[in-house]
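A quick write-up on the structure given underneath.
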Amino acid sequence: MLSRVADSIYWMTRYIERAENIARFINVNLNLSLDMTTGMAASWQPLVMTTGDHEIFEKRYGTDYSRENVIQFLALDKEYGNSVISCVAIARENARSVREIISSEIWEQINRSYLLLKDAAQNRLANKDPHRFFNDITAMSHMFTGLLHGTMSRGEAFYFALLGQFLERADKTSRILDVKYFMLLPTPENVNSPYDVIQWGAVLKSTSGFEIYRKQFHRIVPKQVCDFLIFDPDFPRSIHCCLTNAKSALHKITDTPRGAASNPAEKSLGRLCADLEYSDIDDVISSGMHEYLDALQRKINQVGIDIRQVFFKIPDNLMEQASASVQ
């Protein structure tokens, strides 16, 4: 497969997954706003802070981290490259460049999603009816995933798509958890209080894990919620499960046997999966939850860098040959 094609398919799924997860990200706060009537005024700033793009936000909106400004920035700001509408637009351009590889149903779904988002932006649906808007984004992404599994043959293109999807999902689950730790409680007495339980319930709902968690553990206990979202091997949005699936997709692409590594991407991803396999929630708490998640995000980013270097970057000698042929 051409590296250009693999690159486009990988980023197509990453950006669709990113759009969905931003919607889930915002739903953490929207769900909280349904359950609490106080303390919500200052809770929108952490959503922007954990993206790392607060400087971009403040250049455009100043320091007014209101619900309206944050939703506009994260969902519909076309000049912000990681907004929902920008992510779907980039995914659409990547899909356009590989229309001969993906199914027509996948292309039509991405194109339809983009047009619906454009219409929603004009009608300001994100602020008028945010729950409907972000639920629609999640449903669009689920439709895309269903078509991906239902209409693509299990070749390299399919596994590059899965690789991008699962890496992005692992990163965003870690960031959803990080949002909770950026939300400072009014007083230390609120830790493990009903206020705290409501927040953790919102985090579970934003990952579609609320019912599954309750069936397993019944009571919402912060330590168990973190364990579930980081280490559960079977929950499809846990960090461990996502990275394990990404590792399997990578081995399908390279045809390297399990337990072996033939390139830096397999080494860094294998090392990260091993760390998760042999760690537990007590290790996380002892090192500090925010510190652990921050380090985890850097490791996931490094896996992405290694994938780019191994599969997508054109070697310097080929670049020189291409330049010489043009001259």
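Among helices (runs of 4 or more DSSP H) entirely within the range 9-122, having at least 1 residues that are surrounded by 21 or more Cβ atoms within 10 Å (Cβ to Cβ) and modelled with pLDDT under 90 singles out 45-49. In the range 96-120, the residues that are touching a residue at least 60 places away in the same chain (Cβ under 8 Å) form Cβ pairs under 7 Å with partners that are in a helix (DSSP H, G or I) and of a type in the set (Lys, Arg), at six or more places apart or across chains, as follows: Ile110/Arg92. Exactly one residue out of Thr151, Thr173 is at pLDDT 95 or above and in contact with a Ser or Thr (Cβ under 7 Å, 6 or more places away or on another chain): that is Thr151.
The set of residues from the range 288-303 being free of Cβ contacts under 8 Å to residues at least 12 places away in the same chain and either within 15 Å of the chain's Cα centre (by Cα) or not in a helix (DSSP H, G or I) (or both) comprises Gly288, Arg298. Condition first: surrounded by 14 or more Cβ atoms within 10 Å (Cβ to Cβ), of a type in the set (Ser, Thr, Tyr), within 16 Å of the chain's Cα centre (by Cα) and modelled with pLDDT of 95 or more. Can you find one or more residues in the range 259-269 that meet it? No, the conditions are met nowhere in the range 259-269.
For the range 267-284, residues that are in a helix (DSSP H, G or I) and in contact with a helix residue (DSSP H, G or I) (Cβ under 7 Å, 6 or more places away or on another chain) total 8.
Each residue in the range 187-237 was checked for being outside any loop (DSSP other than H, G, I, E, B) and either at pLDDT 90 or above or in contact with a helix residue (DSSP H, G or I) (Cβ under 9 Å, 6 or more places away or on another chain) (or both), and 30 of them qualify. Here Leu163 meets each of (1) surrounded by fewer than 24 Cβ atoms within 10 Å (Cβ to Cβ); (2) over 16 Å from Ser208 (Cβ atoms) with one exception, condition (1). Pairs meeting the criteria (first residue in the range 242-264 and closer than 17 Å to Gly155 by Cβ and touching a residue at least 12 places away in the same chain (Cβ under 8 Å), second residue among the acidic types (Asp, Glu) and not in a loop (DSSP other than H, G, I, E, B), beta carbons under 9 Å, at least 6 apart or on different chains) are Leu250/Glu266; His251/Glu266; Lys252/Glu156; Ile253/Glu156; Thr254/Glu266.
The values are calculated or read from the model by the stated rules, or taken from the named source; none is laboratory data. On a predicted model such as this, the values are computed, not experimentally measured, just so you know. Note that each Cβ is placed from the backbone with ideal geometry, even for glycine, and that neighbours are counted across all protein chains shown.
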